[in-house]
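Where a number appears in this text, it was derived from the coordinates with a stated rule and is not lab data. In this text, all values refer to a predicted model and were calculated from it rather than measured experimentally. Every residue, glycine as well, gets a Cβ built from its backbone with ideal geometry; the counts of neighbours run over all protein chains shown.
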Amino acid sequence: MSQTPAELHPLMQEYLQELHVLRQLSPHTLKAYRLDLNELQIFAADDAVELLRVSNAHVRRWAGRLHAKGKSSRTIARALSAWRGWYDWLTEKDARRDAQAGRATANLVANPVDDVKAPKRLKSLPKALSVEQAIALVSQAVKEAKERKDLEAVRDAAIIDLLYSSGLRLSELLGIDVMQSKDRQHESAGWLDWDAAEVTVLGKGGKRRSVPIGVPAMESLKAWREMRDQAELAIDSIALFISATGARLSPRTVQARLRTLAMRAGLPTHVHPHMMRHSFASHVLQSSQDLRAVQEMLGHASIASTQIYTSLDFQHLAQAYDKAHPRAKAGKDSGTR
């Protein structure tokens, strides 16, 4: 590849000046635009193509070169956006050529970056604990609750047990009340049905769902309810999980407590609440291979989200299909007709 040009094309400089003056973009953004436009100029110089004669095929080839150089999808998308913006500006400038007599015009027929997209970004899967690690973490919390028998330890055991048992989001967990309440002052976002061993929460998009709670988690929750009810600071609070001052627990407190317990359990990784949700989904799916059931419990609107989130492999999908679809084994069971 040729050396970096001494300076940008005059029309590129004019474009950046307008972005600075009229749109008041930040210096950081302008610097990124400058680098991306400079890369465009280098590509054009390497292929002996005039910037104002660049075609859609050129842009696609250059996007491919960025990909071959190991540039991320995000970086390529940003470069294409910068290039597209400049060529849009040029076409608008060309449309005003009669009003700008005597100044250079682009004479572009169409934006060469139109319809060129960056490679799709691979969705990174959230990390999950192994079954052994998840059990070790929950066991550590329960152990400390039994040994210390104080408000913080018993509460933490209930929280971690519930997170792993039901796969709740942190916001859903913190919105749970001891019982359902609806009046002028407060309407419960979530609540526990202690008899049915279910938790009802308000998920994304304002959708409610009910999720079962395992027996061990219910035991931890009942131990916490008993201690919570005995604490004078909790008398006027309907929130299930409260702090030492009686206020509804904050996200940061849960995050910090989970991180500390994971360290004491000897886990070799940073554990956060969403990791517990992912672990719940992965472990239930591995055991049941029931994709729809996991989708329901997670509150996903699309089953595609569940497939990505739980890193479901093709073998599990095939097995789930064989068990669930009425025609999956038709050939095997019925034989030839």
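Results, tabulated for the structure shown:
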item: Length gained when the stretch R84-S130 is fully extended (0.36 nm per residue, less Cα-Cα span); result: 12.0 nm
item: Per-peptide average of other Cβ atoms within 10 Å, ordering 197-210, 157-170, 79-92 highest first; result: 157-170, 79-92, 197-210
item: Fewest-first ranking of H274, H283, using other Cβ atoms within 10 Å as the exposure measure; result: H274, H283
item: Kirkwood hydrodynamic radius over Cα pairs of the range 10-100, then Stokes diffusion coefficient at 10 °C and 1.306 mPa s, in µm²/s; result: 114 µm²/s
item: Percentage relative contact order, the range 131-273, counting C-alpha pairs under 8 Å, at least six apart; result: 25 percent
item: Cα→Cβ-extended label distance, 7 Å offset, between K182 and W194, nm; result: 2.1 nm
item: Cross-link reach list, aspartates and glutamates versus K93, counting only Cα pairs under 20 Å and skipping chain neighbours closer than eight places; result: E14, E18, E50, D114
item: Label-point separation, K222 to L22 (7 Å along Cα→Cβ), nm; result: 7.0 nm
item: Approximate spin-label separation T260-R208, in nm, with each point projected 7 Å along Cα-to-Cβ; result: 3.5 nm
item: Calculated FRET value between A68 and K117, using beta carbons and R₀ = 22 Å, to 0.05; result: 0.85
item: Span per principal axis, largest first, for the Cα atoms of the range 131-273 (Å); result: 47, 35, 28
